[in-house]
Amino acid sequence: MTQTLAPDQTAELARPRILIVDDIAANLTAMRVLLRHVDAELITAQSGNEALSLALDHQFALVLLDVQMPEMDGFEVAGFLRDNPFSADTPLIFMTASNADEFNQLKGYDSGAIDYIGKPINERILLSKVGLFLDLWRSRQQLMQALAQVHQQRQILRATFDAVGDGIIATDIHGAVTWMNPAAERMTGWSAAAGRPLRQVLPLETPEGRDLGDALFAAPAPDMPPYLMLRRREDRCLPVSCTASAVLDTDEQPIGGVVVFRDASQAYARQLALQDKAETDPLTGLLNRAGFNRRLQAMLAARGGNRRDLALLFGDLDKFKPVNDGFGHAAGDMVLREIATRMGRCMREVDVAARWAGDEFAVLMPCDELGEAQQLAARLTEALREPIAIGKAGIAVSVGISIGISMASAAGWDHAAMLDEADRLLYAKKAQRARDGRIAEVAR
């Protein structure tokens with residue numbers, strides 16, 4: 001967990017320097033006496049040229065500058081100091097006769113002075129003004145020191161984030177990307193994504209294909225899967241584990257967010273392997289009831305406004321019990337395996353088949369209308385009617401299947417309603433077959 005470190009308020013600051021410029025040596029001596037208790041290094045100059053030379057070698061917290069000097073007066077010195085980038089921000093206080101006219105005062109301000117002290121110098125006024133500017137200098141130095149520490153911490157954090165394998169993306173309050181580390185760029189396929197919506201740079205969906213949209217920062221739903229699919233920029237999906245946190249200001253108001261995610265390909269593959277094992281019927285290789293129910297729920301949940309309909313074909317084998325009773329369970333197992341093989345030949349890749357229970361099978365078929373499902377049911381009926389060899393001296397047995405069909409649209413896209421309706425139609429057809437002596441009828 002990253003913590004923000006407070007600037008070191010106890011770090012020792014350099015002792016401030018004050019430059020005193022006056023062409024009269026006695027005035028410089030008097031100024032030293034007046035400022036003897038000030039916590040600053042006093043440096044003096046007796047000419048404008050000497051002052052400018054010192055300004056090139058030292059950084060001053062304050063300059064006390066006499067106006068009336070031969071060769072180069074204080075106004076000229078002030079102008080040169082302002083033109084020097086090393087002294088441009090140094091406060092200048094002019095020392096001049098207390099009866100200086102308004103014109104000269106304005107000229108001083110235009111030259112860069114920020115205050116005046118009249119001569120003869122009043123000690124209390126001098127110490128008050130010097131103390132004020134030294135306090136301002138110390139505050140500025142502390143601020144610069146704090147900013148330097150913040151910059152250093154930021155560089156350390158950036159170097160750390162650049163080095164980790166997890167993807168990290170920061171957003172503003174509107175959900176626009178403000179920064180992402182190299183791992184995030186590599187996994188998403190995006191670079192220079194600042195300003196783009198997070199849902200464009202990091203489009204996430206469930207393994208069943210349900211788009212998460214803007215729900216990343218919402219409270220986690222109880223049915224949220226442990227792994228999500230990141231649809232990369234080139235449209236390939238990458239399994240990821242992902243956490244998102246809001247960034248709050250001092251008033252606990254959101255000002256942005258941070259998303260951390262990592263490549264979960266290996267973990268997801270292991271989960272799928274365990275899930276496949278748990279949801280696969282070991283005898284036929286088809287889905288078992290749990291796997292089929294999960295797939296049905298996912299296909300129902302993933303429907304869109306223009307999505308095709310979904311048919312559920314529920315089938316029960318006819319005359320299977322005599323096979324088990326007459327030839328044993330090994331023969332019955334051979335029949336069930338052959339049934340699964342023949343079903344696979346009749347179905348498309350998008351269709352889903354399962355062994356629901358002992359001699360019951362189920363199929364999910366995305367389609368546009370009931371007629372398509374009826375055609376599949378007819379193909380299954382025809383294929384399963386053919387004799388099945390059971391390896392007993394050339395013995396073959398014949399079974400059939402009765403099928404009930406329910407449509408998601410007619411069942412309100414409800415999981416339980418689809419199963420109930422298909423089951424009802426199946427056993428209604430089996431009852432009709434028992435009365436009529438027909439086998440493998442297709443319920444409508």
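Rule-based calculations on the coordinates, nothing more; no lab input. If you're wondering where the values come from, they're calculated on a predicted model, not measured in any experiment. Neighbour counts run over all protein chains shown; Cβ positions are idealised from the backbone, glycine included.
Here are the numbers for this structure:
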{"item": "Restricting the range 68-166 to GluC sites (Glu not before Pro) in coil, as DSSP defines it, with at most 15 other Cβ within 10 Å", "result": "GLU71"}
{"item": "Angle in degrees between helix 415-436 and the longest Cα principal axis of the chain, rounded to the nearest 10", "result": "10 degrees"}
{"item": "Reach of LYS119 by Cα under 28 Å, taken over lysines that are not fewer than 8 positions away in the same chain", "result": "LYS107, LYS129"}
{"item": "For the range 239-393: span of alpha carbons on each principal axis (Å, largest first)", "result": "83, 35, 20"}
{"item": "Among PHE75, ALA267, PRO254 the positive-end extreme of the charge dipole of the chain (Cβ point charges)", "result": "ALA267"}
{"item": "Charge dipole (debye, nearest 20) of the chain; +1 at Cβ of Lys and Arg, -1 at Cβ of Asp and Glu", "result": "2600 debye"}
{"item": "Rg ratio (alpha-carbon, reference 2.2 N^0.38 Å) - the chain", "result": "1.92"}
{"item": "Between helix 329-346 and the chain: long-axis angle, C-alpha atoms, 0 to 90°, nearest 10", "result": "60 degrees"}
{"item": "0 to 90° range, to nearest 10: angle between helix 25-34 axis and the chain longest Cα axis", "result": "60 degrees"}
{"item": "Selection of GluC sites (Glu not before Pro), the range 170-275, meeting DSSP coil and at most 14 other Cβ within 10 Å", "result": "GLU234, GLU252"}
{"item": "Point-charge dipole on Cβ atoms (K/R +1, D/E -1) for the range 319-390, about Cα centre, debye to 20", "result": "260 debye"}
{"item": "The range 307-373: GluC sites (Glu not before Pro) in DSSP coil with no more than 11 other Cβ atoms inside 10 Å", "result": "GLU349"}
{"item": "Sequence-separation-based contact order of the chain, relative, with Cα cut under 8 Å and 6+ spacing, percent", "result": "9 percent"}
{"item": "Sequence of CYS346, CYS237 once ranked by neighbouring C-beta atoms within 10 Å, starting from the fewest", "result": "CYS237, CYS346"}
{"item": "Counting DSSP beta bridges with both ends in the chain, the antiparallel % (nearest 5)", "result": "70 percent"}
